[in-house]
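Asks: Pasting a structure below so you can have a look.
The values are calculated or read from the model by the stated rules, or taken from the named source; none is laboratory data. Only a predicted model underlies this, so the values are computations on that prediction, with no experimental measurement involved. Every residue, glycine among them, receives a Cβ derived from its backbone with ideal geometry; neighbour counts consider all protein chains shown. Heads up: the accessible areas ignore ligands, DNA and RNA and are worked out on the full protein's heavy atoms, side chains in. Shrake-Rupley method; radii C 1.70, N 1.55, O 1.52, S 1.80 Å.
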Amino acid sequence: MKLFFVFIAALLGATTTVTLTSAKEASAPSRRLQSRRQLRASRDSSDAEAKAGAMADDMSMPSGAEITVTGAEAEDNKVKGTKGGKATDKFRGAAEISALTSSVKTIFSPEDINGILPHRYPFLLVDKVVEYEQGKRAVGIKSVTLNEPHFTGHFPDRPMMPGVLQVEALAQLAGIVCLQMEGVKPGAVFFFAGVDGVKWKKPVVPGDTLVMEVEIKKWISRFGIAKAIGRAYVDGEMAVELDEMTFAIAK
């Protein structure tokens, strides 16, 4: 009988041991999975911080830094405004803007041009000449204003300088060169005989300054025939160009 109880006790002890051991073995994978998840989360967090730091470096400032403007820079920014939600340029004033053309010198004034060309208002379309090479080329200025009579009809709601007048202005500038050629008598008149390859690039409107350039490519003094090329710009952008103009000096 004692032997039976010993056997039962031994059997119960073995069962308990097996049960406890199985429970421990079952919980081990769960703990390992949880550890892996925690490690992965830690790595993801580190990667995110590293990317944020890299982005901050690319922007030349530390992550989370604030921009502070002080001193002279802050004073300079006081003159800046906004337009349409965007920062505008610094207000420079009339003196600084006027100085932008200080290096441009007048070669022929309006009075000089009146002594060369037969044209008069409202058809004199060259205000002054700022570069000139005798018998070869010139650069002239035409200031476009709303007071010019053609704007009343071209067009009332959207004034634009007619393209043919842009070509005429180039022809008059070429005339200033041609009428001072060797052998041409003072007071002579030249006629516009032809034009080829005209291309208009952009509208010319009141307030624009048309900067024109012509170059004499051929001069036949015996017959008083000249051929020239020309182009004109507004704010550095080409407005009109032509491949060839032909002129005849009246005898």
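Asks: Which ones in the range 107-140 are open to solvent by less than 60 Å² (accessible area, probe 1.4 Å) and in a loop (DSSP other than H, G, I, E, B)?
Replies: Ser109, Ile116, Leu117, His119, Leu124, Leu125, Val126, Asp127, Gly135 - these are the residues of the range 107-140 that are open to solvent by less than 60 Å² (accessible area, probe 1.4 Å) and in a loop (DSSP other than H, G, I, E, B).
Conditions (1) modelled with pLDDT under 95; (2) in contact with a Lys or Arg (Cβ under 6 Å, 6 or more places away or on another chain); (3) crowded, with 17+ Cβ neighbours inside 10 Å; (4) farther than 20 Å from Lys128 by Cα, marked per residue:
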| residue | (1), (2), (3), (4) |
| --- | --- |
| Phe151 | no, no, yes, yes |
| His154 | no, no, no, yes |
| Ala169 | no, yes, yes, no |
| Ile176 | no, no, yes, no |
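Asks: Next question. Can you say whether Val144 is more than 22 Å from Thr106 (Cα to Cα), at pLDDT 95 or above, among the β-branched types (Val, Ile, Thr) and surrounded by 12 or more Cβ atoms within 10 Å (Cβ to Cβ), as far as the supplied structure shows?
Replies: no
Asks: I need every pair where a residue in the range 225-236 that is within 12 Å of Phe247 (Cβ to Cβ) and modelled with pLDDT of 95 or more has its Cβ under 6 Å from the Cβ of a residue that is of a type in the set (S, T, N, Q) and assigned to a strand (DSSP E or B), sequence separation at least 6 or different chains.
Replies: Final answer for the pair search is Lys227/Thr246.
Asks: Looking at (1) open to solvent by 30 Å² or more (accessible area, probe 1.4 Å); (2) at negative phi; (3) out of contact with any helix residue (DSSP H, G or I) (no Cβ under 7 Å at 6 or more places or on another chain), find the lone condition where Gly207 falls short.
Replies: Every condition holds for Gly207 apart from (2).
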